[in-house]
1. Just to be sure I understand the curve: with the Debye formula and one point per C-alpha of the chain, what is log10 I(q)/I(0) at q = 0.22 Å⁻¹?
2. Extension gain Trp66-Cys17, at 0.36 nm per residue separation less the Cα-Cα distance, in nm?
3. Just round it to a whole percent: the fraction of Cα-Cα distances in the stretch 1-44 exceeding 13 Å.
4. In deg cm²/dmol and to the nearest 500, what is the mean residue ellipticity at 222 nm of the chain if only DSSP H runs of at least 4 residues count, each as -39500 (n - 2.57), divided by the residue total?
5. For a quick protection proxy, order the peptides 95-104, 39-48, 16-25 by their average other-Cβ count within 10 Å, most packed first.
6. With a 10 Å radius around each residue's Cβ, average the other Cβ atoms per peptide and rank 107-120, 49-62, highest first.
7. What angle do you read, to the nearest 10 degrees and between 0 and 90, between the alpha-carbon axis of helix 66-96 and the longest principal axis of the chain?
8. Could you compute the net charge surrounding Asp103? Neighbours are other residues with a C-beta less than 14 Å from the C-beta of Asp103; K and R count +1, D and E count -1.
Amino acid sequence: MMWIIWILSWLLILTGCVFIVAGGIGLVRMPDLYTRLHAASVTDTGGAIFVMLGLFLQALFVYGSWFIAAKVMIVLFFTLITSPTASHALAKTALLSGFVPTDANGKPILDSPETAQRLARSRPEAS
């Protein structure tokens, strides 16, 4: 029975590692900030889920420690909260700075940096 847990946990951990490596490749290969940010944040979160689930299985069934398993779940919870929040903050800051997203051909999607700044504002400007 124990070997099933070992195999399942290592498959989860290796799957998470594949996600994380794919995110690293996406950081290098993608053309602009927004696509790089998307590639990194989605794969980082997905990789963290798989790695933490594998570690959770090992902590709970192999080492028999509820305390360590609870710590792993707390780390996973905070990772799931902070990673998307940081990605959102970076994208919004880039828009507020006037960094305009581009299409596949490198042409700006928005008319001007001012349009990007206006879109990034949480509240409409007072007239």
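1. For the requested q values the scattering log ratios are -1.18.
2. On the way: separation 49, 0.36 × 49 = 17.64 nm, distance 2.43 nm.
Here the answer is 15.2 nm.
3. On the way: 537 of 946 pairs.
When every Cα pair of the stretch 1-44 is considered, 57 percent fall beyond 13 Å.
4. Details: 4 runs with 92 residues, N = 127.
So the calculated ellipticity at 222 nm is -25500 deg cm²/dmol.
5. Details: 95-104: 14.5, 39-48: 19.5, 16-25: 16.4.
Peptide ranking by packing, descending: 39-48, 16-25, 95-104.
6. Values: 107-120: 13.4, 49-62: 19.3.
Averaged packing, sorted descending, gives the order 49-62, 107-120.
7. Roughly 10 degrees between the two axes.
8. Values: positive: Lys107; negative: Asp32, Asp111.
Result for the neighbourhood of Asp103: -1.
Coordinate-derived values only; no laboratory data. Here the structure is a predicted model, which means the values were calculated and not measured. Glycine gets a Cβ as well: all are built from the backbone with ideal geometry, and neighbour counts include every protein chain shown.
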